[in-house]
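Colleague: I have a structure here, written as structure tokens, and I will follow up with some questions on it.
The values are calculated or read from the model by the stated rules, or taken from the named source; none is laboratory data. What you are looking at is a predicted structure, and each value in this text was computed from that prediction instead of being measured. Note: ideal-geometry Cβ built from the backbone for every residue, glycine included; neighbour counts use all protein chains shown. When the accessible area is computed, the model is the full protein with side chains, heavy atoms only, and any ligands, DNA or RNA have been set aside. Shrake-Rupley method; radii C 1.70, N 1.55, O 1.52, S 1.80 Å.
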Amino acid sequence: MGALDKLKPVLFHNGTMRRVLAWALGDGVEAAKKLEEGVPAGYLEELVRELELSGEDLRAVFGLPRATWFRRRREGVLRPREAELVYRVARLWGLARSVFEGDEAAARRWMKTPHPELGGRAPLFAARLEPAAREAEALLVRALSGVGV
């Protein structure tokens, strides 16, 4: 049994977050298909709410100035690069929620706290680039295997 098989079911506040995490933690081929088809802007909106991100965080992590974010919400669909970032952040958020056994505050703190194994970057900000996101994910997988985060 792999470390990811140990993911514990975690309760989520609403259907949107369940859909976001099912997409991010599910089959990679299906996730890629959704990226190609267009990811609803609501996925980002739900992550912003769950992670309690400020407007400054939104810009720093997703590269979206406030005006652009409002435009995406109006359009209803994210651009491919934005959607990929949402995918990476949602995947980390889902894994962190599982590692911290549904304790949102602890998972949120982990996501926002600089980590030495990520070059001093917080996992949330490391997720901007795929290689760093994979390292953050590896930290969580190790935690699922019994190694501390």
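Colleague: How many residues does region 49-61 contain that are open to solvent by less than 30 Å² (accessible area, probe 1.4 Å) and under 17 Å from Arg79 (Cα atoms)?
Modeller: 2
Colleague: Examine region 48-60 for a residue that is under 20 Å from Asp27 (Cα atoms) and not acidic (Asp, Glu), and state whether such a residue exists. First the steps, then the outcome.
Modeller: Pass one, region 48-60, residues under 20 Å from Asp27 (Cα atoms): none.
Looking for residues that are under 20 Å from Asp27 (Cα atoms) and not acidic (Asp, Glu), one finds none in region 48-60, hence no.
Colleague: If Leu35 satisfies every condition in (1) open to solvent by 10 Å² or more (accessible area, probe 1.4 Å); (2) hydrophobic (A, V, I, L, M, F, W, C); (3) part of a helix (DSSP H, G or I); (4) closer than 30 Å to Val147 by Cβ but one, which is the exception?
Modeller: (4)
Colleague: Filter region 62-87 for residues that are free of Cβ contacts under 8 Å to residues at least 40 places away in the same chain, assigned to a loop (DSSP other than H, G, I, E, B) and closer than 18 Å to Lys34 by Cβ and give the result.
Modeller: Gly76, Arg79
Colleague: Give the residues of region 107-121 that are under 16 Å from Leu47 (Cα atoms) and open to solvent by less than 40 Å² (accessible area, probe 1.4 Å), sorted by residue number.
Modeller: At the first step, the residues of region 107-121 found to be under 16 Å from Leu47 (Cα atoms) are 107-112.
Hits for region 107-121 are Ala107, Arg108, Trp110, Met111.
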